[in-house]
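As structure tokens, the structure follows; a few thoughts come after it.
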Amino acid sequence: MRLSYTFLLFLLVFVPFALKTFIPAFEPYPAIILPSGASLTNVEDGIIQIESLTMWAESIDSDNEWEAIDIAAFLDPVPVHYVYALATNQFGLNGNNVREIRVRLFPDFTLPSKTITKQQEKKTREWLKQKLADQNFKTQNLRITISKKAIDTSTNRILSEEEIHEQIIRLAE
């Protein structure tokens, strides 16, 4: 009897571990394996290299002036830690319906994701426009930038910052 409990516990722990190891996209949620962070931080000679995402919208008061958006308020009720995945996928408005799943011990293969209908696209655009309006921004465009920063760990000063990616999502149809 004790052996069967041990075997059951082994299966409960091994299955999520195997999924995470061999097919990272299929990690079960909530996972038994506790998260250790999304990525490693590059530290070299006391300098940290990080990337940060900022979302911008046009000011309602002036033309061609972009202001940073309060991302937590903008995404509410969606948790803020989903911002990178949502923004880099243009909130599903980029027309990309195929994602690549990497299986570590086997050849790579592609898995089609759910196709977004025109009605869902329209609903998403309206939701984004409403979120911009709630923060008193113009609702035609949403700008997303990713910046790479170098930070000195001894002084906590930003040594350099460069924009490495920019995209503008057109919300007006």
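Here is how the numbers come out for the structure above:
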| quantity | calculated |
| --- | --- |
| Residue tally, condition open to solvent by 70 Å² or more (accessible area, probe 1.4 Å) and within 24 Å of Ala85 (Cβ to Cβ), over region 50-65 | 1 |
| Single residue of region 1-49 satisfying the filter (of a type in the set (Ser, Thr, Tyr) and at pLDDT 65 or above) that is least open to solvent (accessible area, probe 1.4 Å) | Thr21 |
| Residue in region 159-172 that is assigned to a strand (DSSP E or B), touching a residue at least 40 places away in the same chain (Cβ under 8 Å), within 21 Å of Tyr84 (Cα to Cα) and among the basic types (Lys, Arg) present | no |
| Residue among Thr139, Thr124 that is assigned to a helix (DSSP H, G or I), modelled with pLDDT of 90 or more and open to solvent by less than 50 Å² (accessible area, probe 1.4 Å) | Thr124 |
| Residue under evaluation Thr145, criteria (1) open to solvent by less than 30 Å² (accessible area, probe 1.4 Å); (2) at pLDDT 70 or above; (3) in a loop (DSSP other than H, G, I, E, B), criterion not met | (3) |
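The values are calculated or read from the model by the stated rules, or taken from the named source; none is laboratory data. All of these numbers come straight from a predicted model, not from anything done at the bench. Quick reminder, even Gly has a Cβ in these numbers, built from the backbone with ideal geometry, and neighbours come from all protein chains shown. These area figures cover heavy atoms from the full protein model, side chains too; ligands, DNA and RNA do not enter into them. Shrake-Rupley method; radii C 1.70, N 1.55, O 1.52, S 1.80 Å.
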